[in-house]
């Protein structure tokens with residue numbers, strides 16, 4: 001995970017250092033993570049994800065479901081913030097995210113997402129449930145909401161109340177958080193909006209294999225010339241190498257390792 005975290009933090013430092021960032025621990029291997037957080041001025045979320053971990057084991061029991069830890073992103077909903085933007089760490093940021101905030105509005109935009117995801121959310125049983133008709137299926141690697149519209153307790157209540165429906169409709173195949181986030185948002189009827197419908201000239205594109213991407217002054221544009229805010233290696237099983245965003249990712253990775261390594265002192269964390 002640290003190989004993804006470092007370039008993400010460097011991209012945050014370059015584009016959004018003025019925004020407070022909270023880092024949710026993924027597992028107990030925290031020595032380098034804590035050091036990197038200190039270097040970048042990031043706040044570690046110290047509260048134990050007891051309720052989230054309990055839910056993850058209820059939903060995905062067994063020794064072969066270790067990736068259920070991905071549900072720990074739900075801890076973002078427990079932060080004492082009026083608005084929160086969640087971002088996966090297999091992401092690099094290209095632009096200032098401040099325009100994303102202040103866009104939420106009751107009954108109009110209660111949950112903002114960067115991009116749709118049509119294939120990795122539900123199975124064919126979704127057609128049996130009217131509340132999923134015309135639902136915007138989204139990638140859960142980036143979203144913005146407020147405790148006014150969605151809290152951790154809301155998630156726990158919704159899933160446990162309708163756990164049978166969730167298991168009936170969720171897509172299988174090592175998918176954990178994304179079907180759950182979609183299900184909760186859709187079951188609660190939150191008004192969901194894509195980033196381009198909230199921020200002028202923003203693109204909904206961020207997939208690392210997206211075609212037709214160009215760069216202007218180091219910033220990516222989609223084929224229509226709209227501004228790409230982030231690149232996401234969703235589903236990637238190896239580190240970036242030859243895709244259109246790989247060059248930027250590698251530069252950020254090198255810069256991050258230099259920055260973190262220098263602060264590590266005589267005993268470098270890297271080999």
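The values are calculated or read from the model by the stated rules, or taken from the named source; none is laboratory data. These numbers come from a predicted model, not from an experiment. So basically every Cβ, Gly included, is an ideal-geometry build from the backbone, and we count neighbours across all protein chains shown.
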Residues (assigned to a loop (DSSP other than H, G, I, E, B) and either more than 18 Å from residue 117 (Cα to Cα) or in contact with a helix residue (DSSP H, G or I) (Cβ under 6 Å, 6 or more places away or on another chain) (or both)) located in the stretch 202-218: 204, 212, 213, 217, 218
Near pairs, Cβ below 6 angstrom, 6+ apart or cross-chain, from the stretch 97-117 (within 17 Å of residue 231 (Cα to Cα)) to any residue that is assigned to a helix (DSSP H, G or I): 114/195
The stretch 125-142, residues that are part of a helix (DSSP H, G or I) and either in contact with a helix residue (DSSP H, G or I) (Cβ under 9 Å, 6 or more places away or on another chain) or buried (at least 16 other Cβ atoms within 10 Å of the Cβ) (or both): 125, 126, 128, 131, 132
Subset tally (residues that are assigned to a strand (DSSP E or B) and surrounded by 21 or more Cβ atoms within 10 Å (Cβ to Cβ)) for the stretch 94-114: 3
Pairs, first at positive phi and at pLDDT below 95 in the stretch 162-183, second surrounded by fewer than 19 Cβ atoms within 10 Å (Cβ to Cβ) and assigned to a helix (DSSP H, G or I), C-beta under 8 Å, six or more apart: 174/67
Residue within the stretch 192-201 that is under 30 Å from residue 152 (Cβ atoms), in contact with a helix residue (DSSP H, G or I) (Cβ under 8 Å, 6 or more places away or on another chain) and assigned to a loop (DSSP other than H, G, I, E, B) present: yes
Residues of the stretch 31-44 that turn out to be in contact with a strand residue (DSSP E or B) (Cβ under 8 Å, 6 or more places away or on another chain) and either crowded, with 16+ Cβ neighbours inside 10 Å or free of Cβ contacts under 8 Å to residues at least 12 places away in the same chain (or both), as a count: 4
Cβ pairs under 9 Å, 6+ apart, first in the stretch 189-202 and on the phi > 0 side of the Ramachandran plot, second assigned to a strand (DSSP E or B): 201/227
Filtered residue count, the stretch 244-259, keeping only those that are touching a residue at least 60 places away in the same chain (Cβ under 8 Å) and not in a helix (DSSP H, G or I): 1
Given (1) surrounded by 19 or more Cβ atoms within 10 Å (Cβ to Cβ); (2) touching a strand residue (DSSP E or B) at 6+ places or on another chain (Cβ under 8 Å), number of the condition residue 158 does not satisfy: (2)
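To keep it simple, each residue is scored yes or no on (1) part of a helix (DSSP H, G or I); (2) under 18 Å from the mean Cα position of the chain (by Cα).
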position	(1), (2)
62	no, no
75	yes, yes
85	no, yes
119	no, yes
Candidates 81, 55, 19, 9, filtered to the one that is assigned to a helix (DSSP H, G or I) and more than 21 Å from residue 262 (Cα to Cα): 55
Some residue of the stretch 201-220 being over 21 Å from the mean Cα position of the chain (by Cα) and crowded, with 17+ Cβ neighbours inside 10 Å: yes
Matching residues in the stretch 219-233 - criterion: being in a loop (DSSP other than H, G, I, E, B) and touching a residue at least 60 places away in the same chain (Cβ under 8 Å): 228, 229, 233
Scan of the stretch 45-69 for residues that are buried (at least 19 other Cβ atoms within 10 Å of the Cβ) and at pLDDT 90 or above, ordered by number: 49, 52, 55, 56, 59
Residue count, the stretch 70-84 (criterion: at pLDDT 95 or above and surrounded by 19 or more Cβ atoms within 10 Å (Cβ to Cβ)): 5
Breaking point among (1) without any contact (Cβ under 8 Å) to a residue 40 or more places away in the chain; (2) surrounded by fewer than 18 Cβ atoms within 10 Å (Cβ to Cβ); (3) within 30 Å of residue 106 (Cα to Cα); (4) touching a helix residue (DSSP H, G or I) at 6+ places or on another chain (Cβ under 9 Å), for residue 241: (3)
